[in-house]
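Heads up: the structure comes next, in C-alpha cells.
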C-alpha cells in the first residue's frame, strides 16, 4: 500500500471525546511516512531472502470524532496498517502517533495505559469471539488486561457496556453461538468500548 496523502472521511459522533483528547485541530491518530516490509522465505542456503514491501511512505491523519475507511485488494497492506496503528508491530520507518504520543517510543507500561483509549473491532465477529467463553468473559478481556477493577465493578462495567450496544446485562452468561451475526458484532464492539 502506498499513499502520499490522505483525506479522512467524516462520520462525526458528537459527545464521544476522550477524557484527555487532543485540542481542536490536533489529530487523534497520525501516521507519518510509515513503511513496513517483511522478509520472504529463504530460497537457498547461500542467498539472502528477499523482502516484500507492505507499506511504502503511508501518511494519514484521523481527527477526533472522525472515521477513516481503508479499502484495497488482498495483500494491499490493510492489515499491516491496522497492526501498526494499534502498536502491535513497529514500522520499519516513520512514526505512529496517538493523542500526540509516539507509540513506538513509549515504554511498555505507558503504552499499556494508553491502550485503554483504542481497541480493535474485527470485521468478522465469528472469528474474533471465543465460542467456548461466555460473553461476559469475552467482553471483560480488555478490562482484565489493564487491571485494577474489583469483581463487582467489572460485573457492573460489563452490564453497562452490553446495554450501551443494545444487548441485555443477562446476555453476559450466554455463549456467542446463541446470538445472531449482528448481535455478535455488538459483542465485539462492547469489548472494544469497555475500557473507556
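The values are calculated or read from the model by the stated rules, or taken from the named source; none is laboratory data. Note that the coordinates shown come from a computational prediction; the quantities given were computed from them, not determined experimentally. Counting neighbours? That spans all protein chains shown, and the Cβs are built from the backbone with ideal geometry, glycine included.
If I filter region 73-82 for residues that are under 16 Å from the mean Cα position of the chain (by Cα), touching a residue at least 40 places away in the same chain (Cβ under 8 Å), part of a loop (DSSP other than H, G, I, E, B) and closer than 14 Å to residue 34 by Cβ, do I get at least one hit?
Yes: one or more hits.
Which residue out of 184, 144, 115 is outside the structural domain of residue 99 (by TED's automatic domain parsing) and more than 29 Å from residue 69 (Cα to Cα)?
144
Which residues, taken from region 83-109, are more than 18 Å from residue 58 (Cβ to Cβ) and either at pLDDT 90 or above or in a loop (DSSP other than H, G, I, E, B) (or both)?
If the condition is that a residue be more than 18 Å from residue 58 (Cβ to Cβ) and either at pLDDT 90 or above or in a loop (DSSP other than H, G, I, E, B) (or both), then 99, 100, 101, 105, 106, 107 are the ones that fit.
Based on this model, can you work out whether residue 98 counts as buried (at least 16 other Cβ atoms within 10 Å of the Cβ), farther than 29 Å from residue 175 by Cα and in contact with a strand residue (DSSP E or B) (Cβ under 7 Å, 6 or more places away or on another chain)?
When the stated conditions are applied, residue 98 passes them.
List the number of the failed condition for residue 136; all other conditions in (1) under 18 Å from the mean Cα position of the chain (by Cα); (2) part of a helix (DSSP H, G or I) hold.
(1)
Only one of (1) surrounded by fewer than 16 Cβ atoms within 10 Å (Cβ to Cβ); (2) touching a residue at least 40 places away in the same chain (Cβ under 8 Å); (3) assigned to a helix (DSSP H, G or I) is not met by residue 163, so which one is it?
(2)
Give region 39-72 a look and list any residue that's exposed (fewer than 13 other Cβ atoms within 10 Å of the Cβ) and outside any loop (DSSP other than H, G, I, E, B), or say none.
Residues satisfying the conditions are 39, 51, 52, 67.
Here are some residues: 191, 184. Which one is within 19 Å of the chain's Cα centre (by Cα), farther than 19 Å from residue 145 by Cβ and not in a loop (DSSP other than H, G, I, E, B)?
184 is the lone residue from the list that is within 19 Å of the chain's Cα centre (by Cα), farther than 19 Å from residue 145 by Cβ and not in a loop (DSSP other than H, G, I, E, B).
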